[in-house]
Every structure is written in C-alpha cells, then in structure tokens.
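The values are calculated or read from the model by the stated rules, or taken from the named source; none is laboratory data. These numbers come from a predicted model, not from an experiment. All Cβ positions, glycine included, derive from the backbone under ideal geometry; neighbour counts span all protein chains shown. Quick note on the areas: whole protein, heavy atoms, side chains included, nothing else; ligands and nucleic acids left out. Shrake-Rupley method; radii C 1.70, N 1.55, O 1.52, S 1.80 Å.
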Amino acid sequence: MKHIIKISFSVLAGVMLFSSCKKNEIKYGEFDLVGANQALFKVNFLSQYKSAPSVVFIIDGKRVNNPITARTPFPGGGLNTGGGSTANYMVFNSGSHEFKVVVPSKLTNLDSMELYKTNISLEAGKYQTLHITDTAENTYSTLVVDDLTRPDSGKVRYRFINLMPNSPELNLYYDSTLMAEKIAYKGSAEFFKPAGLTAATRGWWVRDASLGSAAPALVSYTTASGVNSSQLNQRVFTVFTSGFAGLPSSDGRRSFLSFVFNL
C-alpha cells in the first residue's frame, strides 16, 4: 500500500537524496498529506543492456536513489521486478524538472556515464510514473498519470503498457480470458479484473495479436504466488512488457512480463 516517509539526513557517500519542498528532505506519500502544488512521482526503468549496469537517477542535479538495475521501480516495487512490496511515490513540486539516468563510478559519488536525459513536467495533485525503455539512441520515455481511485470490492484495476521495443501488436490474457487487445509498442490499455473471474490457474500470457489465442506466448508470468498477488482485491497495478522478444533465457535483455504496485 502507499506509505508516507519523511527523512532528514546528511549527504553520505553513495546515498544522495533531494528535497521536494524543504532542504535535505525526501517524502513518499499520499496527496492528503502533501501540498496542493505538489505531485507524486516514480520511475520504472526498463532499459535492459547486456552489461546490466546499475544506475542512479538525477533530478535537478541531485541523486535520488541508491544504484539499481533495470526492472526495479523506484520507489516501491512490483512483481517480477526488483524493489520492495510497497506502492511508494516521491513527492515533488509540480512543474518542469531535469531528469537523468547515469551509471555511477564505483566507490565514488561521481557519475561515469549518462545513459539518458529528458525534461519532465509534473502535474499538481496527480500520481505519475516515468516509464523508460529501449537503449542507447533509441531510449524512449513516457510519463503516465496513474489512476489510484480504489476499485470496488471484488475488482482490481490494471493498466497494460507495451514497452517491448521489437514487439508486434500484443494481446494480454489472464489464463484464456482476453484482457487487452492489439496493444502496439508504446501503447496501453486500462481494464478491470472481470467480476467472477477466479484466481488464475496458469497465469498471465502475452501473444502476438495477429496470431490469436492459439499462438505461442511471447512472454508469460506463471509463478503461483505471484499470479495470486497480481489480482488482490481492490489493488491497482501497471502490467508491462519489457526487454526484447526472441532472446534466449540466458540473455539479461530477454523479454519479461511484470507488474508495478500503484495502490
């Protein structure tokens, strides 16, 4: 669930957080606990390089995290990702911010290589996630507004977003039930778990939309405990594909189907 944490600190080697509204302070939280001109924000970094570098995010010149690898939502976590089991967001003032992804030099506070740079514009009073995918000059990011309105009892809200760069249009299935249809790369769809749909007996499946339900899965998520966790009552998730289709299981750039905790 969402948490609010307020941390005051001195800048330490390797751990540099930044202020959203006061000096040397970071907060995570819900909007009833932050100012009207502030926004909540998280990053879903999906640029899967063969070397699997650890990266830090620099916003307005300040580091906001310890080094993490791809598919680790920050802050918070998800299913089939790194990170924890919470749906945390950072609190920022609304408006424009410079955002960078960099590879830090080992055992120093210096930045050795900039992988990506963009400007983001955060809207006041909204939860927002910056999804980053692909690599090198093809790196792409999209800032998505997350709907954290709690679903009715018995329902779960999902957003499916296709962030697999070399994918065809995708269909997403929950067991044999079609949940999202013909989602192109960079495209998305929102849906609810249908009433009466029981816990998956096999899992979530992504297939080439042009080949129908009998096509082999391009990627799936079938871990029993994870499948059950992915349809908990009244939760909100972002379901996403990442990596590159067609790579062997030994390649860290291979495709994945994962979930971000939003609520």
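For region 207-253, which positions are of a type in the set (S, T, Y), open to solvent by 60 Å² or more (accessible area, probe 1.4 Å) and not in a loop (DSSP other than H, G, I, E, B)?
Initial filter on region 207-253 (of a type in the set (S, T, Y)): 210, 213, 220-223, 225, 229-230, 238, 241-242, 249-250.
Keeping just the survivors that are open to solvent by 60 Å² or more (accessible area, probe 1.4 Å) gives 210, 213, 222-223, 225, 249-250.
The one that is of a type in the set (S, T, Y), open to solvent by 60 Å² or more (accessible area, probe 1.4 Å) and not in a loop (DSSP other than H, G, I, E, B): S225.
I'd like the full set of residues that are more than 16 Å from T133 (Cα to Cα), assigned to a loop (DSSP other than H, G, I, E, B) and touching a Leu at 6+ places or on another chain (Cβ under 8 Å), limited to region 47-64.
Here is the first cut: in region 47-64, the ones more than 16 Å from T133 (Cα to Cα) are 58-64.
Adding the requirement that they be assigned to a loop (DSSP other than H, G, I, E, B) leaves 60-61, 64.
Result: V64, single match.
Anything in region 158-180 that is open to solvent by less than 60 Å² (accessible area, probe 1.4 Å) and either in contact with a Lys or Arg (Cβ under 8 Å, 6 or more places away or on another chain) or among the β-branched types (V, I, T) (or both)? List them, or say none.
If we filter region 158-180 for residues that are open to solvent by less than 60 Å² (accessible area, probe 1.4 Å), which is where we start, we get 158-165, 167-168, 170-175, 177, 179-180.
Scanning region 158-180 gives Y158, I161, N162, L163, L170, N171, Y173, Y174, D175, T177.
Across region 113-134, which residue is modelled with the lowest pLDDT among those that are in a strand (DSSP E or B) and aliphatic (A, V, I, L, M)?
Step one: filter region 113-134 for residues in a strand (DSSP E or B), giving 113-122, 127-133.
Going one step further and asking which of them are aliphatic (A, V, I, L, M), we end up with 113, 115, 120, 122, 130, 132.
Details: M113: 89, L115: 95, I120: 97, L122: 97, L130: 98, I132: 98.
So the residue we want is M113.
Which one is surrounded by the most Cβ atoms within 10 Å (Cβ to Cβ) among residues in region 147-157 that are of a type in the set (K, R) and more than 24 Å from A209 (Cα to Cα)? Walk me through it before giving the result.
Our first condition is that a residue be of a type in the set (K, R); within region 147-157, this holds for 150, 155, 157.
Then keep just the ones that are more than 24 Å from A209 (Cα to Cα); that gives 150, 155.
Numbers: R150: 11, K155: 16.
Looking at residues that are of a type in the set (K, R) and more than 24 Å from A209 (Cα to Cα), I get K155.
Restricting attention to region 163-179, and to residues there that are within 18 Å of the chain's Cα centre (by Cα) and among the aliphatic types (A, V, I, L, M), which single residue is farthest from L247 (Cα to Cα)? Give the derivation first.
Narrowing region 163-179 to residues within 18 Å of the chain's Cα centre (by Cα): 163-165, 172.
With among the aliphatic types (A, V, I, L, M) added as a condition, the list becomes 163-164, 172.
Values: L163: 16, M164: 12, L172: 20 Å.
Here the answer is L172.
Give me the residue from region 118-146 that is farther than 30 Å from R254 by Cβ and open to solvent by 60 Å² or more (accessible area, probe 1.4 Å) and, out of that set, nearest to the chain's Cα centre (by Cα).
Per the stated criteria, the residue is K126.
Kindly provide the set of residues from region 82-95 that are modelled with pLDDT of 95 or more and in a loop (DSSP other than H, G, I, E, B), ordered by number.
Residues satisfying the conditions are Y89, S94.
Scanning region 181-196 for residues that are open to solvent by 40 Å² or more (accessible area, probe 1.4 Å) and modelled with pLDDT under 85, which turns out nearest to T81 (Cα to Cα)?
So the residue we want is P194.
Consider only pairs whose beta carbons are under 7 Å apart and that are at least six residues apart or on different chains; among these, list those whose first residue lies in region 201-226 and is among the basic types (K, R) and at pLDDT below 90 and whose second residue is assigned to a loop (DSSP other than H, G, I, E, B) and open to solvent by 20 Å² or more (accessible area, probe 1.4 Å).
R202/D175; R202/T222
Scan region 80-98 for residues that are surrounded by 21 or more Cβ atoms within 10 Å (Cβ to Cβ) and closer than 17 Å to F45 by Cα and jot them down. Walk me through it before giving the result.
If we filter region 80-98 for residues that are surrounded by 21 or more Cβ atoms within 10 Å (Cβ to Cβ), which is where we start, we get 81, 87-92.
The answer is T81, A87, N88, Y89, M90.
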